[in-house]
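Let me begin by presenting the structure, written as structure tokens, before commenting on it.
The values are calculated or read from the model by the stated rules, or taken from the named source; none is laboratory data. Model, not experiment: these values are computed from the prediction. Virtual Cβ from ideal backbone geometry, glycine too; neighbours counted across all protein chains shown.
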Amino acid sequence: MTETIKIERKGDVMVVVNDNPANRNALNPDFYVGFAKTLEQASSDPTIGAIVLTGAGNFFCSGGDLNRLKSNAERTPEERRGGIDRLHGMISAMRDCPKPIIAAIEGGAAGAGASLALACDMIVAASEAYFSIAYVKVALSPDGGVTAFLGKALPRQLVTELCLTGKPITVERLHQFGVVNHLVEPGSALDEATQVAQRLTRGPARTMARIKSLCHGAQENTLQEQLDFEADLMVMSQGDGEAAEGIGAFLEKRKPNFTDLRRTEAEGEG
Amino acid sequence: MTETIKIERKGDVMVVVNDNPANRNALNPDFYVGFAKTLEQASSDPTIGAIVLTGAGNFFCSGGDLNRLKSNAERTPEERRGGIDRLHGMISAMRDCPKPIIAAIEGGAAGAGASLALACDMIVAASEAYFSIAYVKVALSPDGGVTAFLGKALPRQLVTELCLTGKPITVERLHQFGVVNHLVEPGSALDEATQVAQRLTRGPARTMARIKSLCHGAQENTLQEQLDFEADLMVMSQGDGEAAEGIGAFLEKRKPNFTDLRRTEAEGEG
Amino acid sequence: MTETIKIERKGDVMVVVNDNPANRNALNPDFYVGFAKTLEQASSDPTIGAIVLTGAGNFFCSGGDLNRLKSNAERTPEERRGGIDRLHGMISAMRDCPKPIIAAIEGGAAGAGASLALACDMIVAASEAYFSIAYVKVALSPDGGVTAFLGKALPRQLVTELCLTGKPITVERLHQFGVVNHLVEPGSALDEATQVAQRLTRGPARTMARIKSLCHGAQENTLQEQLDFEADLMVMSQGDGEAAEGIGAFLEKRKPNFTDLRRTEAEGEG
């Protein structure tokens with residue numbers, strides 16, 4: 001674990017804090033590797049049902065550290081690529097993590113900080129926050145998947161404007177678009193995101209892992225491919241003890257108890 | 001024809017009613033096969049210009065029948081896959097049908113009922129209706145293409161929320177997004193959808209079939225692939241008697257008559 | 001250069017005027033070839049930083065010339081295909097042009113005129129303007145990439161409605177969706193678009209070319225492919241003199257000067 005990652009537990013929710021507030025939680029390779037490893041451990045921990053990612057001190061994340069980026073010009077292309085690969089390894093780890101990751105955003109998410117937020121499965125943001133794809137201001141092209149995430153969610157003309165000008169977009173507008181799930185009072189993003197996550201921990205863990213995969217797959221599969229993917233996972237879901245509990249509870253008009261199933265059977269195929 | 005499918009004609013519009021109101025029009029394999037066969041017949045019937053799909057009794061469709069789904073756990077994976085394949089065969093038949101299919105939604109569209117609605121080419125919905133991707137509540141992962149349809153239309157964060165929580169989304173919000181075409185007074189969805197469909201029956205049938213293909217293709221083709229697809233179909237359209245009538249009528253400042261062309265030449269390549 | 005293309009310069013902005021107002025700037029193969037050639041020349045001209053595309057006389061473009069289209073029925077499929085290929089060659093040239101192209105829209109953009117507008121990187125439109133995918137009215141299927149551009153930006157149900165009915169959509173609604181970037185007073189689209197373009201000319205030219213490529217790529221790449229694309233381009237950006245200037249200026253708290261870099265080093269890899 002790197003010293004800029006702080007882990008807390010709130011029941012079955014793991015809260016990951018990017019804890020570098022003096023530098024507006026600027027990112028560095030240690031964070032990339034540390035967060036990817038944290039997610040890998042969480043994936044196989046049956047006591048964790050959902051993950052919240054936030055930043056310390058009223059700002060989500062300002063992106064890459066410019067002092068470090070400055071020195072990149074002196075590195076070889078291979079060395080530069082290595083740094084980007086670590087960032088992208090973290091983004092892939094977020095996608096591959098079977099548990100939902102909820103971003104809790106105060107203040108802003110800039111540059112690779114926007115990538116980090118958009119790689120999450122859901123986003124809770126304080127109403128005055130903004131996103132900015134600020135790379136162009138220092139003549140860098142975006143990384144961390146931000147063009148992938150925005151490009152699948154919003155029209156190309158808007159994405160082009162955001163990336164060519166670096167000008168901020170409010171979370172209010174992103175909420176209208178459906179990119180931000182919940183707009184909350186400034187100062188309450190972490191609490192609200194934690195509540196969202198806690199409700200998710202009461203859901204069927206393996207089924208939810210399948211749903212997360214489907215939501216990612218839908219961005220890139222053809223209709224026929226996605227139908228096949230849905231069918232493959234539905235065959236699993238129908239044979240899973242979670243569905244037996246879910247359908248049984250529904251027909252018996254009682255609340256299902258998925259939490260015990262997760263805590264005791266978490267090494268399933270999810 | 002299964003007994004839960006009722007067919008009506010309103011001029012050149014075929015109205016298909018999912019007629020199982022005691023069970024909120026819950027779906028079953030007979031419906032999947034029956035509706036697919038109905039569409040196949042409609043495809044080659046020159047007297048049909050457009051199709052309306054609705055549900056009996058003020059609710060569009062509640063999705064899969066839970067009593068039937070409960071028994072799936074006892075089936076083999078191959079048997080389960082067979083049931084899903086029939087659902088997916090119907091979804092593919094809806095995409096492949098050369099005629100536009102308009103959903104008329106009252107009340108709600110839940111689970112596979114949301115898939116059924118979203119597989120349509122256009123959606124007319126009563127203003128108080130909702131969609132819900134309710135599968136997760138009984139620990140099932142979605143099928144019927146709902147993750148494909150939503151994933152191409154809305155940001156992943158919103159799709160993930162809808163699928164992980166099962167919470168409803170209003171048709172009012174779906175209308176803002178452009179997923180629902182027309183919001184109408186409760187009780188009038190079928191009438192309004194039928195009017196939309198009747199206007200479409202006066203359009204050029206073969207050209208409209210090409211347009212439907214293009215609208216589906218655009219979801220999964222690259223720009224270059226879609227340009228090639230457009231070019232292939234435009235070469236056909238330019239040589240089609242429909243264009244002769246359409247361009248001729250425009251230059252002569254009269255209304256085109258495509259209906260007679262459809263009724264007499266419907267075995268074209270469309 | 002064809003006589004329906006008029007070129008003006010406003011500082012480092014090249015303004016291209018589709019100048020055929022008597023015919024509402026209807027398109028013809030000469031325009032396709034001429035505009036593609038204009039873009040090719042602009043690509044390697046270091047004094048041009050951005051391009052504005054507009055139409056003469058208060059209407060952006062009415063699409064294909066119907067008198068010419070009428071004669072297509074008498075041409076062979078190969079001849080028809082040749083005309084479409086020229087249109088599509090222009091659309092590809094717009095995508096491949098490393099410099100941002102801003103559409104300035106007054107009045108309306110219809111048929112292939114809508115394709116032309118949507119192929120641009122950003123759109124500035126007078127508030128009373130509209131788009132219409134009017135092809136169906138004369139029984140033609142759309143070309144020019146309009147189904148690709150709309151299909152990646154908007155839900156299929158809305159795209160289908162626009163293409164099956166030909167009914168107009170206001171630029172106000174397209175602005176809500178993020179397809180139109182700026183809504184402006186009628187009569188001021190060209191001025192406002194030119195100002196947007198002039199601000200872009202002060203940005204880092206090679207980095208912006210990479211950003212444009214990423215924004216197009218995001219529409220069709222998988223997440224992993226786009227991450228790799230971002231990484232490839234970021235390795236270049238980090239080693240580029242533009243980033244040295246951008247990061248240096250930021251750390252020195254001064255304004256970066258990218259314009260001189262463009263004017264002197266424009267034959268870079270961008």
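Screening the range B:232-270 for residues that are closer than 19 Å to B:Ala50 by Cβ and among the hydrophobic types (A, V, I, L, M, F, W, C) and picking the one that is modelled with the highest pLDDT gives B:Phe258.
Please pick out the residue among B:Ile91, B:Ile105 that is buried (at least 23 other Cβ atoms within 10 Å of the Cβ), closer than 27 Å to B:Gly217 by Cα, without any contact (Cβ under 8 Å) to a residue 60 or more places away in the chain and touching a helix residue (DSSP H, G or I) at 6+ places or on another chain (Cβ under 7 Å).
On the way: B:Ile105 fails: without any contact (Cβ under 8 Å) to a residue 60 or more places away in the chain.
Only one candidate qualifies: B:Ile91.
Output the residue which, of all residues in the range A:1-19 that are out of contact with any Gly (no Cβ under 6 Å at 6 or more places or on another chain) and at pLDDT below 95, is farthest from A:Leu190 (Cα to Cα).
Step one: filter the range A:1-19 for residues out of contact with any Gly (no Cβ under 6 Å at 6 or more places or on another chain), giving A:3-4, A:6-11, A:13-17, A:19.
Imposing the further condition that a residue be at pLDDT below 95 reduces the set to A:3-4.
On the way: A:Glu3: 20, A:Thr4: 18 Å.
Ranking the qualifying residues of the range A:1-19, first place goes to A:Glu3.
Restricting attention to the range B:1-43, the residues that are under 16 Å from B:Met94 (Cβ atoms) and small (Gly, Ala, Ser) add up to 4. Condition first: part of a helix (DSSP H, G or I), more than 10 Å from chain B (Cβ to nearest Cβ) and within 19 Å of C:Asn20 (Cα to Cα). Now tell me which residues in the range C:87-110 satisfy that. The answer is C:Met90, and nothing else.
Can you spot a residue in the range A:67-83 that is among the polar types (S, T, N, Q) and part of a loop (DSSP other than H, G, I, E, B)?
Yes, that holds for at least one residue.
Scanning for something outside any helix (DSSP H, G or I) and at the interface with chain C (Cβ under 7 Å from one of its Cβ atoms), does the range B:203-216 turn up at least one residue? For the range B:203-216, residues outside any helix (DSSP H, G or I) and at the interface with chain C (Cβ under 7 Å from one of its Cβ atoms): present. Considering (1) under 15 Å from the mean Cα position of the chain (by Cα); (2) loosely packed, with under 15 Cβ neighbours inside 10 Å, the lone condition that B:Ser71 does not fulfil carries the number (1).
Test C:Val159 against the criterion of being surrounded by 20 or more Cβ atoms within 10 Å (Cβ to Cβ), more than 16 Å from the chain's Cα centre (by Cα) and more than 14 Å from chain B (Cβ to nearest Cβ), and give yes or no.
Numbers: surrounded by 20 or more Cβ atoms within 10 Å (Cβ to Cβ): yes; more than 16 Å from the chain's Cα centre (by Cα): yes; more than 14 Å from chain B (Cβ to nearest Cβ): no.
No; evaluated as a whole, the condition is false for this residue.
Among the residues of the range B:176-200, those that are surrounded by 18 or more Cβ atoms within 10 Å (Cβ to Cβ) and within 23 Å of C:Gly178 (Cβ to Cβ) comprise B:Phe177, B:Gly178, B:Val179, B:Val180, B:Asn181, B:His182, B:Leu183. Residue pairs whose Cβ atoms lie under 7 Å apart, separated by 6 or more positions or on different chains, with the first residue in the range A:41-68 and outside the structural domain of A:Ser115 (by TED's automatic domain parsing) and modelled with pLDDT under 95 and the second of a type in the set (Asp, Glu) and surrounded by fewer than 24 Cβ atoms within 10 Å (Cβ to Cβ), do not occur.
Can you work out which of the residues in the range A:241-261 that are of a type in the set (Asp, Glu) and either under 18 Å from B:Thr165 (Cα atoms) or at the interface with another protein chain (Cβ under 7 Å from one of its Cβ atoms) (or both) is surrounded by the most Cβ atoms within 10 Å (Cβ to Cβ)? Within the range A:241-261, the match that is surrounded by the most Cβ atoms within 10 Å (Cβ to Cβ) is A:Glu242.
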